Amino acid sequence: MKTVPVDDQSCGWYQILPEPQPPRVLAGHQKADWVVVGGGFVGLASARRLAELRPNDRIILVEALRIGQGSSGRNSGFVIDLPHKRDLENPDINFKRKIIGLNEAAIQSLEEVVTRYSIDCQWSRAGRYQAAVGARGIEYLNKYKLLLKNISHPHTWLDRAALARVLGTSYYEAGIFIPTGILMQPAALVRGLGQTLPPNVEVYESSPIVSFDRSAGKFELKTPQGSIVCPKLLLGTNVYSAEFGFLKSRMLPVMTFASITRPLTLREFDADGGKENWGLTPADHAGTTLRFTSDRRLLIRNQYRFAPDYASSESRRAAVRQKHREGLTNRYPHLRDVEFEYTWGGVCGLSRNYTAFFGKVDDGIYTSACHQSVGAARGTISGQLLAELATGQDSQLLSDMIAVSGMPAANPPEPFLGVGVRTRMKYEAWVSRSEL
Ligand SMILES: Cc1cc2nc3c(=O)[nH]c(=O)nc-3n(C[C@H](O)[C@H](O)[C@H](O)COP(=O)(O)OP(=O)(O)OC[C@H]3O[C@@H](n4cnc5c(N)ncnc54)[C@H](O)[C@@H]3O)c2cc1C
């Protein structure tokens, strides 16, 4: 394995949580019936469902970092029921209905766990604003409105003044409010999901799998201090699946960045004149995501970078922070001196044909990966269904998941890939500059 995940301690969502108990690190030689690698949305949902389906089996979940430090804990915290833009443009209405049904099932099952275990993660059915700043954004917003109408999804058009009453800024020309979907604190949710797994799942953290072999129909996974032999493997490793030899040269590891402020004071908040606890996604996909959390922090997310090394340097984050500063000051000039407490990057698994993979990759090995930037819902439901597939279950949701998944397109070889992706990103950033 060439690269394993390393945490850079930069993710605000994780850093503001209380210090966790020390990790249980994998040591010695273990045998298990099932190993789930990865403690993100996919891995956690796979392990939980597997534990229900195989209550007497020994199930081990291994995570390289602390649970919550990976991309699933680094995102903007939207659990979205709607298909992402490309899927929404698909002319087949049944295809879109299947995705919505799957995402709704994900939301329902996450909500059940959050409620049952009182996971403190700012979970709220707050809906979502999709908004536009300039002409390009408005064009996308109008298209989006039409797409929502085509699937009869509830939504309300808001003009600049109506939007300003919520957001506390007149920066946006127009927006659409979609009352469905969830806002949450991702690191808190993911940590909570990890802490509430059924007792027949043994969780090992800070235990990167550094090598992976197969012999006599069994897999041997090694970590720096231990190893596990198992006959069945579920990979919830998203872009890192390539390190295990799967979906190689099919995923595009793309990093996007977020910054979060300290909590605003009541006076700063009053000056906004807006409401608490809302989330806004950009009508133009290359634009800016914005959130105002229930603990009164502002989060801004934009900027993309091709990240075959899955990492970002401190100097890169400093440059991004400067861009985020400009973005926030444009929207809230009176908050120009409110510092960002944290700036971080996280890797998304994208594909050139916008297709996610779900299924068997080899005898005894299953994975679900490449959920573009909507992995909270899609990762959760596909993780659950991966456990069902691997244990030979049959259900309508499983058929639907298979129907909406596919094979991510093969990438061109380097250096063409890197040059192509970087050029495309620069172009997108340029044409979408009014939305940043
Ligand atoms: C800044 C940002 C904002 C985003 N916003 C949203 C959003 O608002 N809503 C949304 O739905 N999606 C969003 N996304 C995308 C979303 O975070 C991902 O789609 C999702 O996290 C994918 O989940 P996953 O379980 O497939 O993978 P991951 O979360 O990447 O989990 C994979 C896990 O595998 C572990 N792993 C990898 N290799 C090894 C190894 N060798 N040994 C052990 N463990 C290993 C990793 O450490 C990691 O924890 C965003 C992403 C980013 C970066």
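Could you work out which residue, out of Ile381, Ile60, Ile402, moves most in a Gaussian network model of the chain, that is, has the largest mean-square fluctuation with Cα springs under 10 Å?
Between Ile381, Ile60, Ile402, it is Ile402 that shows the largest mean-square fluctuation.
Divide by every residue of the chain the summed helix terms, -39500 (n - 2.57) for each DSSP H run of at least 4, and state the resulting mean residue ellipticity at 222 nm, rounded to the nearest 500 deg cm²/dmol. Provide the component values of the computation, followed by the final result.
Values: 12 runs with 145 residues, N = 436.
Rounded to the nearest 500, the figure is -10500 deg cm²/dmol.
Top mean-square fluctuation among Asp87, Asp295, Asp337, Gaussian network model of the chain, C-alpha springs under 10 Å?
Asp337
If you roll a 1.4 Å probe over the chain with all protein chains in place, what percent of the accessible area is carbon or sulfur?
Values: 9230 of 18090 Å².
Roughly 51 percent of what the probe reaches on the chain is carbon or sulfur.
If Lys and Arg each add +1 and Asp and Glu each add -1, what is the summed charge of the other residues whose beta carbon sits under 14 Å from the beta carbon of Phe306?
Values: positive: Arg305, Arg316, Arg352, Arg422, Arg424, Lys426; negative: Asp309, Glu414, Glu428.
Overall, the nearby charge balance is +3.
Could you do me a favour and compute the accessible area per residue for the chain, 1.4 Å probe, result in Å²? Don't skip to the answer; put the middle values down first.
Details: 18090 Å² over 436 residues.
Heavy-atom SASA per residue in the chain reads 41 Å².
Heavy atoms only, 1.4 Å probe, whole protein assembly: order Glu435, Glu326 by accessible area, highest first. Intermediate results must be reported in sequence, preceding the final value.
On the way: Glu435 5, Glu326 90 Å².
Result of the area sort, largest leading: Glu326, Glu435.
What distance in nm lies between label points placed 7 Å from Cα along the C-beta direction at Asp8 and Ser215?
3.9
Using heavy-atom solvent-accessible surface (probe 1.4 Å) with all chains present, what is the largest-first order of Arg165, Arg378, Arg352? Write down the numbers at each step before the final one.
Working: Arg165 150, Arg378 20, Arg352 120 Å².
Largest to smallest exposure gives the sequence Arg165, Arg352, Arg378.
Could you calculate the FRET efficiency of Thr423 with Asn330 from 1/(1 + (r/R0)^6), where r is the beta carbon distance between them and R0 is 22 Å, rounded to 0.05? Write down the numbers at each step before the final one.
Numbers: r = 27 Å, r/R0 = 1.21.
Efficiency, from the Cβ-Cβ distance: 0.25.
Using the Cα atoms of the stretch 4-143 to build a convex hull, what is its mean projected area in square nanometres? Working shown, then result.
Numbers: hull surface 49.6 nm².
Dividing the Cα hull surface by four gives the mean projection, 12.4 nm².
So how many Å³ per residue does the convex hull of the Cα atoms of the stretch 116-192 work out to?
Values: hull volume 9.2 nm³, N = 77.
Output value, Cα hull per residue: 119 Å³.
Given axes a ≥ b ≥ c from the Cα gyration tensor, I'd like to know whether the stretch 71-148 is rounded (a/c under 1.5), prolate (a/b larger than b/c) or oblate.
On the way: a/c = 2.81, a/b = 1.54, b/c = 1.82.
Verdict is oblate for the stretch 71-148.
Name the residue, out of Thr265, Thr196, Thr223, whose mean-square fluctuation peaks in a Gaussian network model built on the chain with Cα pairs under 10 Å.
The residue with the greatest mean-square fluctuation here is Thr265.
Over 31 Å between Cα atoms: which of Lys323/Lys360; Lys96/Lys248; Lys275/Lys426; Lys2/Lys96; Lys248/Lys323; Lys143/Lys360 fall into that group?
Details: Lys323/Lys360 41 Å; Lys96/Lys248 28 Å; Lys275/Lys426 34 Å; Lys2/Lys96 38 Å; Lys248/Lys323 33 Å; Lys143/Lys360 36 Å.
Where the Cα-Cα span goes over 31 Å, the pairs concerned are Lys323/Lys360; Lys275/Lys426; Lys2/Lys96; Lys248/Lys323; Lys143/Lys360.
Once you compute Rg and the Kirkwood Rh from C-alpha atoms, what is the Rg to Rh ratio for the stretch 364-436? Kindly include the intermediate steps, with their values, before the conclusion.
Values: Rg = 17.3 Å, Rh = 15.2 Å.
Dividing the radius of gyration by the Kirkwood radius yields 1.14.
Roll a 1.4 Å probe over the protein heavy atoms and report the accessible area of Arg191 in Å², nearest 10.
Here the accessible area works out near 30 Å².
Suppose a student asked you for the relative contact order of the stretch 119-236, using Cα pairs under 8 Å spaced at least 6 residues apart; what percent would you report? Please report the intermediate quantities before stating the final value.
Values: 160 pairs, mean separation 31.1, N = 118.
For the stretch 119-236, the relative contact order is 26 percent.
Residues with amide H under 5 Å of Gln30's amide H, sequence separation 5 or more or different chain, H placed in the peptide plane at 1.01 Å from N; which?
Ser227, Ile228, Val229
Expressed as a rounded percentage, what relative contact order does the stretch 205-320 have, with Cα pairs under 8 Å and six or more residues apart? Mind showing how you got there, number by number?
On the way: 152 pairs, mean separation 23.3, N = 116.
Normalised by residue count, the contact order of the stretch 205-320 is 20 percent.
Using the reciprocal of the averaged 1/r over all distinct C-alpha pairs, how large is the Kirkwood radius of the chain in Å? Each step should come with its number before you reach the end.
Working: mean 1/r = 0.0454 Å⁻¹.
For the chain, the Kirkwood estimate is 22.0 Å.
As a test of reading the structure, rank Asp284, Asp394, Asp400, Asp213 by solvent-accessible area (1.4 Å probe, protein chains only), most first.
Working: Asp284 0, Asp394 135, Asp400 20, Asp213 85 Å².
Sorted by accessible area, descending: Asp394, Asp213, Asp400, Asp284.
The values are calculated or read from the model by the stated rules, or taken from the named source; none is laboratory data. The structure presented is a predicted model; accordingly, all values stated were derived computationally and were not measured. Positions of Cβ are generated from backbone atoms using ideal geometry, with glycine treated the same way; all protein chains shown enter the neighbour counts. Accessible surface areas use protein heavy atoms only, side chains included; no ligands, DNA or RNA. Shrake-Rupley method; radii C 1.70, N 1.55, O 1.52, S 1.80 Å.
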